[in-house]
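One structure below.
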Amino acid sequence: MTLKVCIAGATGWVGRELVTAVREADDMHLVGAVSRTAAGRDLGEALGGHPNGVTVSATTEEALKTDTDVLIDYTKPDVVKENIMAGIWSGTSVVVGTSGLTGADYAEIDAVASDEGVGVIASGNFSLTASLLQHFAMIAAQYLPSWEVIDYAGPTKPDAPSGTARELAERLSEQGEPQGRPEIGYPIDQIKGSREARGGTLGGTQVHSVRLPGYALSVENIFGLPGERLTLRHDAGTSAGIYIDGTLLATRRVPEVRGLIRGLDTLLF
Ligand SMILES: NC(=O)c1ccc[n+]([C@@H]2O[C@H](COP(=O)([O-])OP(=O)(O)OC[C@H]3O[C@@H](n4cnc5c(N)ncnc54)[C@H](OP(=O)(O)O)[C@@H]3O)[C@@H](O)[C@H]2O)c1
């Protein structure tokens with residue numbers, strides 16, 4: 001079966017790599033693309049190449065008027081939820097790469113997708129090695145009671161923490177049940193001085209976001225025990241190519257899914 005795919009954010013850093021990959025895949029057919037600035041143009045020309053017959057839409061809702069099996073979203077935090085809902089309401093499976101959604105957003109998306117019998121796969125990081133980090137972290141959290149997460153990115157990243165760090169923190173806390181894990185030595189709400197210096201609390205996990213020139217995307221999961229510690233770290237380079245295989249894997253699997261699956265590692269392991 002050939003999957004009819006629409007890419008929201010098709011002119012972006014990740015989106016343009018996906019356009020090539022989807023068009024090269026034997027089992028996929030690119031039927032739609034979304035970008036405000038390229039709206040109305042041929043996608044191939046908008047990307048600086050030859051025409052490819054796909055007309056860019058200004059909104060996802062408009063793009064989904066064309067029959068589509070899977071919507072892939074690599075846009076921006078302020079529009080991604082609206083796009084996912086447009087996908088679900090039109091009966092289209094959705095793969096979400098865009099960061100910025102909270103655990104509460106995903107709970108709502110899961111409920112609506114389950115009710116509608118539609119699948120959504122979201123991953124804060126679609127790279128293989130970041131998925132391995134997530135997998136190893138879930139194992140470590142079953143044995144080690146205390147951890148925190150540090151997220152590093154360049155200075156212009158608009159959201160904090162990164163999608164990778166948020167997903168890691170929220171899923172770690174699920175692994176940490178029974179309640180009370182991760183163990184926090186001194187209660188965060190009783191901190192003297194600046195409470196913010198202890199970072200944000202996401203699902204019970206402390207997360208610290210560093211935004212500085214010279215940094216690309218990295219995430220560190222630090223586990224501490226008396227007298228020893230374990231650090232799991234993932235560093236992304238500057239290519240968007242590392243996210244493509246994982247996104248295509250999710251695209252192939254999502255039509256069989258009902259409700260929400262979070263984390264590429266959930267599909268891999
Ligand atoms: N999960 C992962 O593995 C992973 C990996 C890398 C990045 N990300 C996340 O994916 C997202 C995209 O990253 P990127 O670096 O590719 O971003 P980018 O280069 O800024 O591209 C964003 C794309 O979305 C479009 N867009 C933005 N706002 C829009 C709107 N309101 N309506 C319609 N289209 C809109 C842009 O086109 P116009 O401006 O013309 O509308 C562009 O095509 C970010 O949230 C990033 O953190 C996730």
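Read-outs throughout are calculated quantities, based only on the coordinates presented, and are distinct from any laboratory measurement. In this text, all values refer to a predicted model and were calculated from it rather than measured experimentally. Note that we place each Cβ from the backbone using ideal geometry, even for glycine, and neighbour counts take in every protein chain shown.
For the chain, the number of Lys pairs with C-alpha atoms closer than 28 Å, counting only pairs eight or more positions apart or on separate chains, is 7. Global dimensions of the chain from alpha-carbon coordinates: Rg and Dmax equal 19.3, 62 Å.
Segment Ile188..Trp89, full-extension length gain: 31.6 nm, with 0.36 nm per residue of separation and the alpha-carbon distance subtracted. Each part gets one Cα centre, and for the stretch 9-61 versus the stretch 247-269 those centres are 22 Å apart.
Modelled this way, with points 7 Å down the Cα-to-C-beta line, the labels at Ile139 and Thr20 are 3.4 nm from one another. If the chain linking Ser239 and Lys65 were pulled fully straight, counting 0.36 nm for each residue of separation and taking away their Cα-Cα distance, it would gain 59.4 nm. Between the Cα long axis of helix 163-175 and the first principal axis of the chain there is an angle of about 50°, rounded to the nearest 10.
Between the helical axis of 13-24 and the longest alpha-carbon principal axis of the chain there is an angle of about 50 degrees.
Fewest neighbouring Cβ atoms within 10 Å first, the residues Asp245, Asp115, Asp69 line up as Asp115, Asp245, Asp69.
The length gained by stretching the chain between Glu196 and Leu268 to full extension, at 0.36 nm per residue less their Cα-Cα distance, is 22.3 nm. Rounded to the nearest 10 degrees, the inclination of helix 244-253 to the longest alpha-carbon principal axis of the chain is 80 degrees.
Taking K and R as +1 and D and E as -1, what net charge do the other residues with C-beta under 10 Å from the C-beta of Thr75 add up to? Local charge sum for Thr75: -1. What relative contact order, as a whole-number percentage, does the chain give when Cα pairs under 8 Å and 6 or more residues apart are counted? Once normalised by length, the contact order is 21 percent. Amide hydrogen proximity for Met28: with H placed 1.01 Å from N in the peptide plane, the residues at 5 or more positions away or on another chain lying under 5 Å are Leu3. Using only Cα coordinates, the Kirkwood hydrodynamic radius of the stretch 128-235 works out to 14.2 Å. Derived scalar couplings between HN and Hα for the stretch 29-39 equal 9, 7, 10, x, 8, 10, 6, 5, 6, 9, 4 Hz in order, rounded to whole Hz, by the Karplus curve 6.51 cos²θ - 1.76 cosθ + 1.60 (θ = phi - 60°), x for Gly and Pro. Using a cut-off of 11 Å between beta-carbons, work out the net charge of the residues near Pro255 (Lys and Arg +1, Asp and Glu -1, Pro255 not included). Neighbourhood net charge equals +2.
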